[in-house]
There are 2 protein chains.
Amino acid sequence: MHILITGAAGMIGRKIAENLVTTGSLGGRPVTKITLQDIVEPHTYGSEETAIFPVVGDMTDHALIEHVMAERPDVVIHLAAVVSGEAEADLDKGYRVNLDGTRALLEAIRRANYAPRVVFASSIAVYGPPFADPIPDDVELHPLTSYGTAKAMGELLVSDYSRRGILDGISLRLPTICVRPGKPNRAASGFFSSIIREPLKGEETVLPVGEDVRHFFASPRSAVDFFLHAATMDTEALKGHRALAMPGVSASVGEEIAALREIGGDKVVALIRKEPDATIQGFVHNWPANIAARRARDHGFEAESDFAGIVRAHIEDEHGGKPPILA
Amino acid sequence: MHILITGAAGMIGRKIAENLVTTGSLGGRPVTKITLQDIVEPHTYGSEETAIFPVVGDMTDHALIEHVMAERPDVVIHLAAVVSGEAEADLDKGYRVNLDGTRALLEAIRRANYAPRVVFASSIAVYGPPFADPIPDDVELHPLTSYGTAKAMGELLVSDYSRRGILDGISLRLPTICVRPGKPNRAASGFFSSIIREPLKGEETVLPVGEDVRHFFASPRSAVDFFLHAATMDTEALKGHRALAMPGVSASVGEEIAALREIGGDKVVALIRKEPDATIQGFVHNWPANIAARRARDHGFEAESDFAGIVRAHIEDEHGGKPPILA
């Protein structure tokens with residue numbers, strides 16, 4: 001089996017590739033080849049069974065995509081995107097990558113003419129207020145960012161191209177990924193991860209919102225599972241509704257902190273410094289608090305059952321079970 | 001006031017232009033100039049008060065759109081589109097006009113940098129089965145054609161560009177327009193109009209489906225009113241949800257025929273010949289039967305209250321109140 005991952009140098013892409021190399025299979029079939037596209041060189045190493053082919057270049061480079069699709073990967077996992085903040089700051093770049101890049105990929109697949117499985121990374125950014133609690137599966141999309149708009153448009157294209165038989169697509173609306181490993185980034189929602197990640201490293205972190213703020217999360221581990229499941233699931237059962245809200249954990253900041261205390265104790269929690277930020281407080285009302293994701297669960301997608309499970313997954317996957325402060 | 005109408009040679013565009021020239025005003029302000037864009041020369045004549053400027057060319061011609069937007073029309077009514085059947089038969093042309101053409105227009109508006117009112121003609125083709133009865137306002141879109149997909153994508157762009165303050169947009173999901181004047185066309189749904197229009201001219205017509213088939217209609221007169229209302233309404237009240245399902249009449253073919261009998265009698269109805277067509281019968285399950293359109297009604301959009309009203313509007317507008325067979 002040959003898998004193409006776009007945006008493969010990102011956190012999720014890297015983890016998917018590593019999982020495929022480690023297990024050496026997908027849906028019971030051996031993975032012999034993985035093509036990793038990104039604008040920077042993706043650092044994932046192959047094995048004797050699985051060859052890695054890095055392709056460095058932009059999704060809007062038609063010749064590059066054409067070249068990649070000529071190899072007819074069995075599964076295309078499309079992660080490449082400009083993130084929310086950047087797409088908001090630079091309208092042209094956001095739509096060029098997030099909309100035109102997706103369309104260029106689908107068009108290259110059309111020209112390759114063999115209808116591969118395509119898994120498109122959409123986002124809960126497609127939802128906008130007023131939010132039902134929980135948000136049901138059949139709700140109209142009201143994205144409040146250009147990022148969410150382009151993701152909603154990408155979903156529509158994936159559905160239409162699938163209906164026409166050009167590809168066999170599925171769009172996954174990912175919850176906010178938490179705990180995101182690595183350094184703090186400038187995303188307004190970064191604190192949801194930082195307040196767990198930094199204290200477990202023994203470092204101070206800032207909480208800019210109140211403990212009552214609620215949001216919807218899945219671990220990186222669950223996100224990887226979503227993509228692997230979508231890559232081989234029966235899409236006929238979707239009956240043409242090819243965009244699925246992924247399951248996750250609805251948790252308030254207070255519940256995040258309680259889970260951290262349960263696992264790490266008071267000295268870890270003491271590293272969270274409350275420093276309210278009016279700008280970020282203003283954003284939180286635009287973020288969904290809870291999503292039912294019943295269809296996805298019915299189709300075999302699974303996530304953690306509570307926030308403690310998310311913290312434990314982080315400790316296992318990023319600290320080998322032993323975070324510095326608890327060592 | 002200066003109004004730009006794209007796709008102005010079509011039936012709705014022509015009627016909107018004629019209405020504006022006849023009344024000479026929009027929302028209480030004088031209409032001094034109307035620019036009519038289409039790929040063929042639009043045949044609408046101006047008056048002493050209202051000058052008509054025809055622009056012949058394609059919506060995907062960036063220089064042309066740029067040129068038109070440089071005149072900074074106060075209102076842009078965007079009707080230009082490749083119709084459903086053609087967009088389905090020619091994927092490239094459909095997306096080029098229906099998606100890229102819309103985007104080119106919005107980008108030209110962005111460069112003109114003055115945030116005009118934009119009214120975008122969307123369609124009930126954004127909906128797909130399973131259909132609620134009636135379809136509520138907040139339902140997820142599942143278009144079953146590339147035409148409907150591009151319309152749903154256009155709605156998302158209009159909303160995002162409005163949110164960003166680039167324009168002040170509103171998208172109108174038009175019911176099937178009935179009774180469509182003129183010659184029978186090859187649209188699969190054409191019979192909904194033909195079974196009224198042809199008999200009133202004293203001509204035979206074919207009914208390819210059963211009398212129980214139900215669909216959702218608005219008269220050309222109502223459609224014109226929708227656009228004129230949207231051109232001047234308070235969009236702040238929409239609270240960012242800028243796509244509205246327009247009101248209309250849910251009627252079965254049997255109810256259409258009953259309305260025709262009520263108005264024209266048995267000899268008119270006798271001109272409908274039943275000739276079931278399996279292909280068309282197969283399509284009808286993908287067409288919505290009834291739409292609540294509560295938000296639109298709350299925001300002042302109005303349509304006929306029953307199908308007899310639609311037949312009467314046709315007789316008044318196309319036959320001066322006296323159709324040939326009843327003369």
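Give just the number: which of (1) under 20 Å from A:P134 (Cβ atoms); (2) part of a loop (DSSP other than H, G, I, E, B); (3) of a type outside the set (D, E) does A:P276 not satisfy?
Every condition holds for A:P276 apart from (1).
Cβ-Cβ under 6 Å, sequence separation 6+ or interchain: first residue in region A:228-247 and more than 21 Å from A:I124 (Cα to Cα), partner part of a loop (DSSP other than H, G, I, E, B). Which pairs?
Between residues of region A:228-247 that are more than 21 Å from A:I124 (Cα to Cα) and residues that are part of a loop (DSSP other than H, G, I, E, B), the close pairs are A:T232/A:G27.
Consider only pairs whose beta carbons are under 6 Å apart and that are at least six residues apart or on different chains; among these, list those whose first residue lies in region A:294-318 and is touching a residue at least 12 places away in the same chain (Cβ under 8 Å) and whose second residue is charged (D, E, K, R) and surrounded by 15 or more Cβ atoms within 10 Å (Cβ to Cβ).
Close Cβ pairs satisfying both conditions: A:R294/A:D137; A:R295/A:D137; A:F307/A:E255; A:F307/A:E256; A:I310/A:E304; A:A313/A:R221; A:D317/A:R221.
Quick check on this structure: which one of B:V139, B:V179 is within 18 Å of B:I12 (Cβ to Cβ) and either buried (at least 18 other Cβ atoms within 10 Å of the Cβ) or of a type in the set (V, I, T) (or both)? Explain how you work it out, then say what you get.
Numbers: B:V139 fails: within 18 Å of B:I12 (Cβ to Cβ).
Testing whether each residue is within 18 Å of B:I12 (Cβ to Cβ) and either buried (at least 18 other Cβ atoms within 10 Å of the Cβ) or of a type in the set (V, I, T) (or both) leaves just B:V179.
From the list B:S159, B:S171, exactly one residue is within 14 Å of chain A (Cβ to nearest Cβ) and assigned to a strand (DSSP E or B). Which is it? Spell out how you get there, then give the answer.
Working: B:S159 fails: assigned to a strand (DSSP E or B).
Just one listed residue meets the conditions, B:S171.
Considering region B:245-256 alone, what residues qualify as being over 19 Å from B:E198 (Cα atoms) and touching an Asp or Glu at 6+ places or on another chain (Cβ under 8 Å)?
B:A245, B:P247, B:G248, B:V249
Take the residues in region B:138-152 that are assigned to a helix (DSSP H, G or I) and either more than 7 Å from chain A (Cβ to nearest Cβ) or in contact (Cβ under 8 Å) with a residue 40 or more places away in the chain (or both), then tell me which one is nearest to B:L79 (Cα to Cα).
From region B:138-152, those assigned to a helix (DSSP H, G or I) are B:146-152; that's our starting set.
Now restrict to residues that are either more than 7 Å from chain A (Cβ to nearest Cβ) or in contact (Cβ under 8 Å) with a residue 40 or more places away in the chain (or both): B:146-148, B:150-151.
Details: B:S146: 17, B:Y147: 13, B:G148: 14, B:A150: 13, B:K151: 11 Å.
Taking the candidates together, the pick is B:K151.
Every residue in region B:87-112 that is under 15 Å from B:T60 (Cα atoms) and either in contact with a Cys (Cβ under 6 Å, 6 or more places away or on another chain) or of a type in the set (K, R) (or both), please.
Scanning region B:87-112 gives B:K93, B:R96, B:R103.
Does region A:66-88 hold any residues that are assigned to a helix (DSSP H, G or I) and farther than 20 Å from A:I16 by Cα, and which are they?
Narrowing region A:66-88 to residues assigned to a helix (DSSP H, G or I): A:66-69, A:84-88.
A:E66, A:H67, A:S84, A:G85, A:E86, A:A87, A:E88, listed by residue number.
Does A:A115 meet the test of being part of a loop (DSSP other than H, G, I, E, B), without any contact (Cβ under 8 Å) to a residue 60 or more places away in the chain, within 11 Å of another protein chain (Cβ to nearest Cβ) and surrounded by fewer than 24 Cβ atoms within 10 Å (Cβ to Cβ)?
no
Tell me which residues, restricted to region B:155-206, are in the same structural domain as B:G85 (by TED's automatic domain parsing), more than 21 Å from the chain's Cα centre (by Cα) and of a type in the set (D, E, K, R).
B:D160, B:R163, B:R164
Cβ contacts < 8 Å: first residue of a type in the set (D, E, K, R), restricted to region A:1-25; second residue at pLDDT below 95, any location; separation 6+ or different chain. Result?
A:R14/A:P42; A:R14/A:H43; A:R14/A:T44; A:E18/A:T44
For region B:118-137, give me the residue count where each residue is farther than 18 Å from B:R295 by Cα and within 11 Å of chain A (Cβ to nearest Cβ).
Result for region B:118-137: 3.
The values are calculated or read from the model by the stated rules, or taken from the named source; none is laboratory data. None of these values were measured; they are calculated from a predicted model. Neighbour counts run over all protein chains shown; Cβ positions are idealised from the backbone, glycine included.
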